[in-house]
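In what follows, a single structure is set out as structure tokens and then discussed.
The values are calculated or read from the model by the stated rules, or taken from the named source; none is laboratory data. As the structure is a computational prediction, the values presented were derived from the model and not from experiment. Cβ sites come from the backbone with ideal geometry, for glycine too, and all protein chains shown count toward neighbours.
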Amino acid sequence: MNQPAGEKADKFVMDFDTSQRNDRPPQEYYDTIKAKFAEERELRLGYRPPGTEMYRDLDGAMAELERDPYADGWVEREPIDDTDSEGVEVLFIGGGFSALLTSARLRQKGVESIRIVERGADVGGTWYWNRYPGVACDVVSYDYLPLLDEMDYVPSRHYAGGAEILGHCQAIARKYDLYDLAVFQTTVTSTIWDAEAQRWNVTTDRGDKMHAKFVVCANGTLAKPRLARIDGMETFKGRSFHTSRWDYDFTGEDLEKLSNVRVGIIGTGASAVQIIPNLGANAKEVYVFQRTPSSIDVRDDWETKDEWAAKLEPGWQSKRRAKIVSKLRAQADRKGQLRGGITREEKIQRQENNNIDHMMRIHKRIDETVEDPTTADALKPWYMLMCKRPCFHNDYLPTYNRPNVHLVDTHGAGITEIGEKGPIFDGVEYEVDLLIYATGFEVQQTGIYNQIIGENGVDLNDKYADGIRTMFGIHTAGFPNMFIMGGYQASFQFNLTDLLQVQGDHISSCIDHARTHQYDTIDVTHDAEEQWVQEVISHRGKTTRNAECTPGYYNFEGQENRRQDGNYNGGFPAYIDRISEVEAAMSEHFIFTKG
Ligand code: NDP
């Protein structure tokens, strides 16, 4: 495909308006489809245990699935104990993009003592763990990969593959000397504020006792793999693994060992969509166990053209990012103006109709691609776009035309039983040799996978018991010198690194401010925190959209939740503006202490 000049920096500014179409069907057409969306949602809710109770960790009888297949063995080391010293200046819990891009900014501001503590055997986070065949990011690489200006790097493709992204993470760690103090294969177990020393005491599962002045919870948004709770899963006699722990020893590097293997895969989310075409091309038989189909759109990928890359001027990525934000601002302004001309109900109806037009285009593509009409029908998503994470793939739908690929559509019920030979549905036990769990990840709400205890012995979990309380999703009062990345109460972005960069820049500004003024601690005021909580609440639940969506991790699996326990919906430009306002008046929003 050709690479258009200045292409698609704004691909994910979801803004389509088909309301001016001459051939627009009557409103009853849209109402009928909306009613079908509601019916499909109700069907799914009827089958499910409430919310996330239907999922479980990779523990107990399934603990073996948690094992890291990518590490070159287990590296022994002596536990670190630096509690008799000041310890490090900044400690990151997690070594993915959050830690890497924030560390780069901190280095630029002269912070020397940075330690990453990471569960994997290297940096990379998501891109360390997700190495399944076909793994790639379908956010445009020129936007998604952070620090391209600083790294003087142009990704090789429009959509970068997982290996290239992992390589970029490692290159950042090397450039900014982040390997020096990093510890890998190490999980933080507790993070406790020592008021006297004005340091965080961080302990790990390797017996470490570490001191840090600042702690950044950079442990990822979707970092903890989860399994569906399925009766009998531990009795399955074949091989099984989760998509984020791909066993290439079993499958072969190019899946060449699967030619005589019957494979089952449970789940059809973004991971499965990238994996299934590869299984179809290589495995003897493939059984896809579907509960809800994903929406699959065209993926316009291409190799980066040398001539295009050669013309990029220094600072090109920052300019692209700025352009996206201005586009979002213009979109918000346009929506504001529109509000004047039509009623709120009309506006919502127009948006919904546009969305339905889009989804019917997705349906049409399925009909045009998938030969068997029953399979084609089963692959049609009946929900509004963005109820679930939209997917982009050119080979996924055609894969169902292969004779060795079988869609087992559970029509919302999901797989609830696994026998010794394989998943059971509708009285049939599907015999497979390999069973892949593509059942996703737990959503990080608050930055806590370890015990975090702040001032006066308050546990962060207890503080959040009546609802999450933060400013920007980053600061929470009573937990001085701690910053949280990627959790709720922040402005979720389809291109997550846009958000992480804004958060990382802000965190490094806060740390820099404290250092410049020789403050020992920085903590958000209760007032500033309360204002933000109220702002989050004021923007949530304005429409019934979330509640009307088919269940999934975007809407808390269809469960009711407190209005403050979610993303900030005031828009990304507003999120950035609020952060700038706070940075311009630090003493009004933070308490600083010295000496
Ligand atoms: P998801 O949470 O998106 O998908 C989990 C899947 O498992 C869903 O299809 C779910 O069905 C299904 N499922 C759960 N339990 C059962 C059951 N008992 N029987 C049958 N099916 C079941 O996880 P993914 O790993 O696919 O993706 C997670 C996120 O990671 C993505 O949304 C995206 O943000 C990111 N990602 C991005 C990629 C990219 O850039 N292209 C690639 C991969 C991941 P149901 O829908 O009914 O709940």
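Name the residues in the stretch 550-567 that are away from the ligand (no atom under 11 Å from the Cβ) and either modelled with pLDDT of 80 or more or of a type outside the set (A, V, I, L, M, F, W, C) (or both), would you?
GLN559, GLU560, ASN561, ARG562, ARG563, GLN564, ASP565, GLY566, ASN567
With the condition kept exactly as written, say whether any residue in the stretch 55-71 is of a type outside the set (A, V, I, L, M, F, W, C), closer than 30 Å to LYS380 by Cβ, more than 16 Å from the ligand (Cβ to nearest atom) and surrounded by 16 or more Cβ atoms within 10 Å (Cβ to Cβ).
No, that holds for no residue.
Can you tell which of LYS327, LYS323, LYS319 is surrounded by 12 or more Cβ atoms within 10 Å (Cβ to Cβ), free of Cβ contacts under 8 Å to residues at least 12 places away in the same chain and under 28 Å from LEU147 (Cα atoms)?
Details: LYS327 fails: free of Cβ contacts under 8 Å to residues at least 12 places away in the same chain; LYS323 fails: free of Cβ contacts under 8 Å to residues at least 12 places away in the same chain.
Checking each option against the conditions leaves just LYS319.
Per-residue answers, yes or no, for (1) within 14 Å of the ligand (Cβ to nearest atom); (2) touching a residue at least 12 places away in the same chain (Cβ under 8 Å):
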| site | (1), (2) |
| --- | --- |
| ALA270 | yes, yes |
| PRO277 | yes, yes |
| GLU285 | no, yes |
| ASP301 | yes, yes |
| LYS311 | no, no |
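Just the residues that are away from the ligand (no atom under 12 Å from the Cβ) and in contact with a Gly (Cβ under 6 Å, 6 or more places away or on another chain), please, taken from the stretch 216-230.
If the condition is that a residue be away from the ligand (no atom under 12 Å from the Cβ) and in contact with a Gly (Cβ under 6 Å, 6 or more places away or on another chain), then CYS217, ALA218, ASN219 are the ones that fit.
Please indicate, with yes or no, whether at least one residue in the stretch 247-264 is closer than 30 Å to GLU53 by Cα, within 16 Å of the ligand (Cβ to nearest atom), in contact with a strand residue (DSSP E or B) (Cβ under 9 Å, 6 or more places away or on another chain) and at pLDDT 95 or above.
yes
Being within 11 Å of the ligand (Cβ to nearest atom) and surrounded by fewer than 23 Cβ atoms within 10 Å (Cβ to Cβ): is that true of VAL139 here?
yes
Give the residue that is nearest to ASN567 (Cα to Cα), with candidates limited to residues of the stretch 423-449 that are more than 16 Å from the ligand (Cβ to nearest atom) and buried (at least 19 other Cβ atoms within 10 Å of the Cβ).
Among them, the one singled out is THR446.
Quick test for you: out of ALA528, ALA514, ALA547, pick the one residue that is touching a His at 6+ places or on another chain (Cβ under 6 Å), farther than 22 Å from SER318 by Cβ and of a type in the set (A, V, I, L, M). Give the steps one after another, and end with the answer.
On the way: ALA514 fails: touching a His at 6+ places or on another chain (Cβ under 6 Å); ALA547 fails: touching a His at 6+ places or on another chain (Cβ under 6 Å).
That would be ALA528, the only listed residue that is touching a His at 6+ places or on another chain (Cβ under 6 Å), farther than 22 Å from SER318 by Cβ and of a type in the set (A, V, I, L, M).
Among what's in the stretch 101-136 and is outside any loop (DSSP other than H, G, I, E, B) and among the hydroxyl-bearing types (Ser, Thr, Tyr), pick the residue that is farthest from the ligand (Cβ to nearest atom).
The extreme case among them is SER103.
For the stretch 223-230, does any single residue satisfy the condition of being at positive phi and assigned to a loop (DSSP other than H, G, I, E, B)?
no
For VAL139, are the conditions met, namely being in contact (Cβ under 8 Å) with a residue 60 or more places away in the chain and not in a strand (DSSP E or B)?
Judged against the criteria, VAL139 is a match.
Which ones in the stretch 482-516 are surrounded by 24 or more Cβ atoms within 10 Å (Cβ to Cβ), within 20 Å of MET586 (Cβ to Cβ) and of a type outside the set (A, V, I, L, M)?
PHE483, GLN489, GLN503, GLY504
crowded, with 18+ Cβ neighbours inside 10 Å and among the basic types (Lys, Arg): which single residue out of LYS209, LYS213 fits that description? Walk me through how you get there before you give the answer.
On the way: LYS209 fails: crowded, with 18+ Cβ neighbours inside 10 Å.
Matching residue, one of LYS209, LYS213: LYS213.
Would you mind finding the one in THR18, THR32 that is among the β-branched types (Val, Ile, Thr), at pLDDT 90 or above and under 24 Å from CYS387 (Cα atoms)?
Sole residue among the options that is among the β-branched types (Val, Ile, Thr), at pLDDT 90 or above and under 24 Å from CYS387 (Cα atoms): THR32.
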